[in-house]
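Bear in mind that the values in this text are calculations on the coordinates, not laboratory data. Computed from a predicted model, the values in this text were never measured in an experiment. All Cβ positions, even for glycine, are placed from backbone atoms using ideal geometry, and neighbour counts span all protein chains on display.
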Amino acid sequence: MPELPEVETVRRGLDQLVVGREITKIDVFEPKSFLGQPAEASGHRVTGTRRRGKVLMIDLDGGLTLVGHLKMTGQMVYRETAPGPDATRWGAGHPNDSLIGELPDASSRLAIHFEGGSTLYFNDQRKFGWLALIPTDQVAAIPLLAKMGPEPLEGDPWPEFRRRIRRHQATSVKAALLNQEIVAGIGNIYADEALWHARIHPATRVGDISDRKLKSALGGAAQAMRLSLELGGSTDRNYVDAEGRRGAYLDFANVFRREGQPCKRCQRPISKTRLAGRGTHFCPACQRPPRPRTV
Ligand SMILES: [Zn+2]
């Protein structure tokens, strides 16, 4: 599942390619993937792009917004219809061959056509992702966004994060970090990185963790996300360019998908377990298991 930096990568790419373009038509191939009336977008120009947590927004003139969630396998791919040596080809999101192949393909759920002949495809193998066309002034009220926790990379998220996570004292900290109503945009990768940074075992109950350590975990998530964006989130991570070059996906990771490899802090091998239904990576030496609670 794409997390904040991956969705931000998609947003930055879209911002460069579609802002200022007028939509001529939206073709919906999979009704389940689109909420709203696609014809209502015709004739509207893209005025900007936004992101909140893992949710993407493409604002149109006339008070309309396309809101979207890539979920597990969503991707956005932009193509100029008449291919030529200079034709722009761009794609970001779930890394598979639909980023570089002929489109539409079997994973294409809808196509947004622009004046001048370019097309933005929304591809999604597993069909959990969606796009919705809704009035811009109703976007903030959709439950997913209305309930969402603070943005980890904007302002000082700590006071609001603390207020929200302290309502879940009996929850494991791993599950709490994945809860979008506690903090926005963190998924499995950045939750594991955050807890390694703060030296917290992922199974520890929130109530057993000091404010100082929780603040360190939030800072660790933000640090890993910034690094991920810097290391090419905006250019080649989760991204395949026209030549089919794939970015170095997890070069920044300290624990994620590094089971058996030495911890970058203490050299002991990283472990993998299952927690909150997710593969969870941690250093058994730096991140000691919670002590059994005594009565
Ligand atoms: Zn270690």
Placing +1 on each Lys and Arg Cβ and -1 on each Asp and Glu Cβ in the chain, then taking the dipole about the Cα centre, the residue among Leu60, Pro289, Pro202 whose Cα reaches farthest towards the positive end is Pro289
So, in Å, what gap is there between the alpha-carbon centers of the range 41-84 and the range 185-205?
31 Å
At q = 0.08, 0.12, 0.17 Å⁻¹, base-10 log of I(q)/I(0) for the chain (Debye sum, equal scatterers on each alpha carbon):
-0.38, -0.79, -1.33
In what order do Leu195, Leu120, Leu14 fall by count of nearby beta-carbon atoms within 10 Å, going from fewest to most?
Leu14, Leu120, Leu195
Which entries in the list Lys147/Lys213; Lys25/Lys147; Lys54/Lys147; Lys54/Lys174 go over 22 Å, if you measure between the two C-alpha atoms of each?
Lys147/Lys213; Lys25/Lys147
So, with +1 on the Cβ of K and R and -1 on the Cβ of D and E, and no other charges, what is the size of the charge dipole of the chain about its Cα centre, to the nearest 20 debye?
2140 debye
Assuming R0 = 25 Å, can you tell me the calculated FRET efficiency for the pair Glu102 and Arg21, based on Cβ-Cβ distance, to the nearest 0.05?
0.65
How would you rank Asp97, Asp124, Asp208, going from fewest to most other Cβ atoms within 10 Å of each one's own Cβ?
Asp97, Asp208, Asp124
Which value in deg cm²/dmol, rounded to the nearest 500, describes the helix-derived mean residue ellipticity at 222 nm for the chain, given -39,500 (n - 2.57) per DSSP H run of n ≥ 4 and division by the residue count?
-6000 deg cm²/dmol
Can you sort His69, His201, His281 by how many other beta carbons sit within 10 Å, fewest first?
His69, His201, His281
Highest-MSF residue in the chain out of Arg79, Arg265, Arg11 [GNM, Cα springs under 10 Å]
Arg265
Find the Cα radius of gyration of the range 4-146, compare it with 2.2 N^0.38 Å by division, and give the number to two decimals.
0.95
Below 8 Å between Cα atoms, with a sequence gap of 6+, how large is the relative contact order for the chain in percent?
18 percent
What residue among Asn179, His168, Val139 has its Cα farthest toward the positive end of the dipole of the range 137-191, where the charges are +1 on Lys, Arg and -1 on Asp, Glu, each on the Cβ?
His168
For the range 4-146, what's the relative contact order in percent, using C-alpha pairs closer than 8 Å and at least 6 residues apart?
29 percent
